[in-house]
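The values are calculated or read from the model by the stated rules, or taken from the named source; none is laboratory data. Predicted, not measured: the structure shown is a model, and the values here were computed from it. Glycine also receives a Cβ, built like all others from the backbone with ideal geometry; neighbour counts cover every protein chain displayed.
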Amino acid sequence: MTLKNELELRGWLQDLSEGRSSVETTSARILAALKEQPFEDLGFAKVDHHRVIRQGFPEVVLGLGKTPGQIAAIASQIVSRGQPLLVTRADEAAWNTVRSVVPDAQYHAVARCITVKGECAPGKGTIALCSAGTSDQPVAEEAAVTAEVLGNTVERIYDVGVAGIHRVLSQRDRLSAARVVIVVAGMEGALPSVVAGMVGVPVIGVPTSIGYGASFGGISALLGMLNSCANGVSVVNIDNGYGAGCIASMINHL
């Protein structure tokens, strides 16, 4: 008996509590799921089938450093169990190979992600996603696609950097309505501080590697965000849209 996710487990328990299933049947289902091998050994990768039970979402595949064939083999294992798929930092060659074994796979070119949507518990509110400039959109879209695959509604607010601060100030109502805000910015990384001063919810700063020489590939933005004087700002690694999307989803599901 394969347990796809926490929602399915809740369904088994709901059936038991409402008399649609017996104690014996429910117990047998749970015991069978626990006896199942927790990972599939493909030789080059061990696909973690129980991550969805522990964390609420299946293993996410980092496309960097993997061949298209390896990505497709892992993706096939995940999707065959009825679980959603997310491959980050993937190119079109990987997508073409994946969709030969997973026809429903979609490619998000700006985000560089491959996805197959599946059943997920919905987030309790909206995640607002701000990017400072158009050059930051690939990282912002990685965060957005990640959050959406995890079952969240995402409100995109793009090109609202501090060089024209009236642009972000005009979005106060949309930002205030969110349950958590992701802010993506390069250069000096000032935008998360501005946004955090406007809202009363957690703000996740994502520094990008966009900028001229003294930005040091995103280190200046990272340090600027880490030194924010505004309350409620946390920061992920440079260009880590995926990490921000995951954290925002966890907050939005609490």
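Taking the criterion of being β-branched (Val, Ile, Thr) and modelled with pLDDT under 95, the residues of the stretch 98-114 that qualify are Val98, Val101, Val102. Restricting the stretch 60-98 to residues that are in contact with a Gly (Cβ under 9 Å, 6 or more places away or on another chain) and among the charged types (D, E, K, R), the residue that is surrounded by the fewest Cβ atoms within 10 Å (Cβ to Cβ) is Asp91.
Any residue at all in the stretch 139-146 that's in contact with a His (Cβ under 8 Å, 6 or more places away or on another chain), at negative phi, part of a helix (DSSP H, G or I) and of a type in the set (Asp, Glu)? Looking through the stretch 139-146, at least one residue is in contact with a His (Cβ under 8 Å, 6 or more places away or on another chain), at negative phi, part of a helix (DSSP H, G or I) and of a type in the set (Asp, Glu).
Residues that are in contact (Cβ under 8 Å) with a residue 12 or more places away in the chain, farther than 22 Å from Ala221 by Cβ and of a type in the set (A, V, I, L, M): does the stretch 105-113 have at least one? Scanning the stretch 105-113 turns up at least one residue that is in contact (Cβ under 8 Å) with a residue 12 or more places away in the chain, farther than 22 Å from Ala221 by Cβ and of a type in the set (A, V, I, L, M). Considering the stretch 205-254, the residues that are of a type in the set (Ser, Thr, Tyr) and more than 21 Å from the chain's Cα centre (by Cα) include one that is nearest to Arg156 (Cα to Cα), namely Ser228. Looking only at the stretch 182-200, how many residues end up being surrounded by fewer than 24 Cβ atoms within 10 Å (Cβ to Cβ) and assigned to a loop (DSSP other than H, G, I, E, B)? Residues that pass the stated criteria total 6. The set of residues in the stretch 241-254 being surrounded by fewer than 22 Cβ atoms within 10 Å (Cβ to Cβ) and either part of a helix (DSSP H, G or I) or at pLDDT 95 or above (or both) consists of Gly243, Cys246, Ile247, Met250, Ile251, His253. The selection criterion, being out of contact with any Pro (no Cβ under 9 Å at 6 or more places or on another chain) and either assigned to a loop (DSSP other than H, G, I, E, B) or buried (at least 17 other Cβ atoms within 10 Å of the Cβ) (or both), holds for Ser209.
Checked against (1) surrounded by 21 or more Cβ atoms within 10 Å (Cβ to Cβ); (2) modelled with pLDDT of 95 or more, Ile219 passes all but a single condition, namely (1). Just one of the listed residues (Val139, Val110, Val149) is farther than 18 Å from Gly200 by Cα, within 20 Å of the chain's Cα centre (by Cα) and not assigned by TED's automatic domain parsing to the domain that holds Ala230, and it is Val110. Considering Ala147, Ala111, the condition of being surrounded by 20 or more Cβ atoms within 10 Å (Cβ to Cβ), more than 20 Å from Val52 (Cβ to Cβ) and small (Gly, Ala, Ser) is satisfied by Ala111 alone.
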